[in-house]
Every structure is written in C-alpha cells, then in structure tokens.
Amino acid sequence: MPIRLFAAMLLLALTCAGASAAEPTYEPQIDLPGFDYRNFDLLQPRPRLCEQACLADDKCRAWTFVQTGVLGPVASCWLKSGVAEKKSNPCCISGVR
C-alpha cells in the first residue's frame, strides 16, 4: 500500500474517532441563564462554534447559543463558568461540558 494512501486512511480513522468522542451535547430550546463570563457574536449562526469555544477554554463549564435576531442581528454565544438551572426557551441551544 503506498505510504500516502496509508497516511490518508490513518488520518481519516483518527478524525472519525475524534468526532464520535466529541459529539455535541446540544439541548435545543434550553437557556442556561447566569454564570456568564464571556459572550461574543458569531459570524455564522452555528451552535457548534459556541460549543467549540467552550471546549477550548478551561474556565468554561457550559454554553448557550442565542439564535439570530433575539439579542441583535446576529447569533451570539455565551460561555459560562458554572451550570445554571435549565430554562425552557425557544431562543437558545445550550450544552454542558
């Protein structure tokens, strides 16, 4: 087997293994109010971007993605230092690390 093909297959296998271990823990229509320590607008309205920001920050324990048009013309992400009581709200998608 050519080395490039082997390397490509290995990379694909590692990528797939990593993706299954980091499946999103989205909770649609859930807001986690409080414990906010950082928030920012998202260039694309994708909850995964908010989740990834949380996973990249050791202080982050939970996150809430707020849909486009709720707090302004673009979607936003709120990183949380703790996990608040869940509140049902169609504006949001949240996740706990």
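Worth pointing out:
- Straight-distance candidates among the lysines for linking to K59, with alpha-carbon spacing under 17 Å and chain neighbours fewer than 8 residues away dropped: K80.
- At most 16 other Cβ within 10 Å, DSSP loop - chymotrypsin sites (Phe, Trp or Tyr not before Pro), region 34-87: F35
Read-outs: derived from the displayed coordinates by stated rules, not from any lab. Keep in mind the model is a prediction, meaning the values are calculated, not measured. Note: ideal-geometry Cβ built from the backbone for every residue, glycine included; neighbour counts use all protein chains shown.
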